[in-house]
Amino acid sequence: MTVLRSYVGGGWITPTGAGRPVLDAVTGEQVASVSSEGVDMAAALDHGRSTGGPALRELTFHQRAALLGSLGSLLREHRKELYALSARTGATLADAKFDVDGGIGVLFSYASRAKRELPNDTVYVEGAVEPLSKAGQFVGQHVLTARHGVAVQINAFNFPVWGPLEKLAPAFLAGVPSLVKPASQTAYLTVRLVELMAGSGLLPEGSLQLVCGSVGDLFDHLARVSNDHAPCHGVLTAGKGFSGSLAPMT
């Protein structure tokens, strides 16, 4: 029986408690146990802010897009494995393909759109230069930059692959690290997804973390001053000209 681990602080953490059982939706057999006991939530958020954020902000939009595309190619090679795990959630093959292929498609879609619509730079210049004085001595221009914080994902049980990837992609492009909290019923599928991504060596350190089990005191450590965000299943505020990429997530 597998004890689902969390991926925080740059490594895999085995929970200290026995956890709650996670059952096969078809047979009733226990697939795994899940618990977040022993995970230091404050340290995980700090790792995202202090390590993941700076690493992502050093990359241009096009470099981030290229990494998303490479992740999509990697995951596409493991689709059959993810389909098989998805069957244990009660999903049909068609359901599994919708979730897995849909999530992979999101990565490719955002990567392609970023290369078309965003500059090969670390900032996004919005609009023309605006005069601020009658004689033209002072001018101004809007420049959008990455927010300094962590995007905490709260995902639903029915999209254990697509759910995390659809939130990761825009946050990653915006230079914001993600902490993924999957629904416990199907967390074993999301764990395998993160194992593949984290093990690929493609992601900057701290840009992706995973907490399985209860959120515990996680929300107590979200800091407005640090620009942390907690999007729940698919909720992202649209950025100007690029959906969900550059605006705050609420």
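Relative to the longest principal axis of the Cα atoms of the chain, helix 162-173 runs at roughly 30 degrees.
For the stretch 40-226, the share of DSSP beta bridges that are antiparallel, to the nearest 5, is 40%. For Ala223 and Gln30, the FRET efficiency from 1/(1 + (r/R0)^6), where r spans their Cβ atoms and R0 equals 41 Å, is about 0.65. Using the Cβ-Cβ distance between Asn120 and Thr14 with R0 set to 35 Å, the FRET efficiency from 1/(1 + (r/R0)^6) comes to roughly 0.25. Considering only C-alpha atoms, what is the centroid distance from the stretch 5-23 to the stretch 31-92, in Å? Using only Cα atoms, the two centres lie 15 Å from each other.
In the chain, the longest principal axis of the Cα atoms and the axis of helix 93-117 are about 20 degrees apart.
Extension gain for the segment Ala128 to Ser214, taken as residue separation times 0.36 nm less the Cα-Cα distance, is 26.3 nm to one decimal. If the chain linking Leu23 and Val3 were pulled fully straight, counting 0.36 nm for each residue of separation and taking away their Cα-Cα distance, it would gain 6.0 nm.
Normalised by 2.2 N^0.38 Å, where N is the number of residues, the alpha-carbon radius of gyration of the stretch 40-226 equals 1.16.
Projecting the Cα positions of Gln153, Leu45, Ala94 onto the charge dipole of the stretch 40-226 (unit charges on Cβ atoms of Lys, Arg, Asp and Glu, taken about the Cα centre) puts Ala94 furthest along the positive direction. Here the extension length gained between Asp40 and Gln137 equals 29.7 nm, from 0.36 nm per residue of separation less the Cα-Cα distance.
The lysines whose alpha-carbon is closer than 17 Å to the alpha-carbon of Lys80, local same-chain residues fewer than 8 away aside, are Lys97. The magnitude of the dipole of the chain, with charges of +1 and -1 set on the Cβ of Lys/Arg and Asp/Glu and taken from the Cα centre, is near 480 debye.
Under a Gaussian network description of the chain, with springs only between Cα atoms under 10 Å, the residue in Val191, Val125, Val161 that fluctuates furthest is Val125.
Work from the charge dipole of the chain (Cβ charges, +1 for Lys and Arg, -1 for Asp and Glu, about the Cα centre) and give the residue of Pro170, His221, Met197 farthest towards its positive end. The listed residue farthest towards the positive side: Pro170.
GNM remark for the chain: springs join alpha carbons under 10 Å apart, and the peak mean-square fluctuation among Leu67, Leu45, Leu93 falls on Leu93.
Among Lys80, Lys115, a tally of other beta-carbon atoms within 10 Å of each Cβ gives an order, fewest to most, of Lys80, Lys115. When the Cα atoms of the stretch 106-167 are aligned to their principal axes, the ranges along those axes come out at 59, 25, 16 Å in descending order.
Quick note: the coordinates plus some simple rules give every number you see, no bench work behind them. Computed from a predicted model, the values in this text were never measured in an experiment. Ideal geometry is used to build each Cβ from the backbone, glycine not excepted, and the neighbour counts take in all protein chains shown.
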